[in-house]
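Below is one structure, written out as structure tokens; comments come after it.
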Amino acid sequence: MGSPLAMAGEAELEDGDVRGPLRRCLVTRRVQPKEGMIRFVLSPDGTVVPDLAARLPGRGMWLSAGAAVLEEARAKRLFSRAARAEARVPEGLGAAVVAGLERRVADTLGLARRAGQAVCGFVKAKEWVVAGRAALVLTARDGAADGRRKLLAGSTVRAIAPLDAATLGAAFGREHVVHVALAPGRLADLVLAEAGRLAGMRGDDAASGDDDGTNDDFRTWDGTG
């Protein structure tokens, strides 16, 4: 017998778009929290459009956040099947999703900065880590591993690397930023969730819990590696 969650989802989640926090992936058919998924809708001309905020009108088509998942949906014409209409998947749809998720991470960091819930720069970030004020640390994808190790030495703070230094810098009004620390709260949770979707859409299955979780975009560093 299947789990209560799966059984409850069989009837209600058949089209992947129902009320509540769960959705069914068109490809995997797994029922999972929508925060870790990507919603798509059809534009008036039948083009598949990513709806990263899950607010656009229309029949929602949900996928697990994964590059391979999106490719399988395209190859098997699952968008057309779900929409019950001809759906055109534009070239570069995956890249557009990645770019949109990068903007969402950066925009949320900007909100956290303005709310006094984020600091940047090695010294300030290290102060927050040592003082126990940091719930999450971001380091630039193109930053040096040695700096990351020094920042996190002796700490178990979650650390991820979703953006490059220039994009991190833009969120803080600087040319580039390598180290960021976020305080506990809704904004830190949102950054973590968006970074997970972003890592998945870059082709890293660890973001969705499908391998050992040791990728360089979405993992916990302890200052030793």
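Coordinate-derived values only; no laboratory data. Fair warning: this is a prediction, and the values are worked out from it, not measured in the lab. Don't worry about glycine lacking a Cβ; one is built from the backbone with ideal geometry, like all the others, and counts go over all protein chains shown.
Sort 194, 175 by Cβ crowding within 10 Å, fewest neighbours at the top.
Going from least to most buried by this count: 175, 194.
With 10 angstrom as the radius, rank 29, 24 by how many other C-beta atoms surround their C-beta, starting from the fewest. Could you put the intermediate results ahead of the total?
On the way: 29 13, 24 24.
By the 10 Å Cβ count, ascending: 29, 24.
Can you give the FRET efficiency for residue 166 and residue 133, using 1/(1 + (r/R0)^6), R0 = 25 Å, r = Cβ-Cβ distance, to the nearest 0.05?
FRET efficiency, residue 166 to residue 133: 0.45.
Treating only the Cα positions of segment 85-207 as identical point scatterers, give the base-10 log of I(q)/I(0) from the Debye formula at each q in 0.10, 0.14, 0.21 Å⁻¹.
Log-scaled intensity ratios, in q order: -0.31, -0.56, -1.19.
I need the shape label for segment 148-208. Rule: rounded when a/c is under 1.5, else prolate if a/b > b/c, else oblate, with a, b, c from the alpha carbon gyration tensor.
Cα axes put segment 148-208 in the rounded bin.
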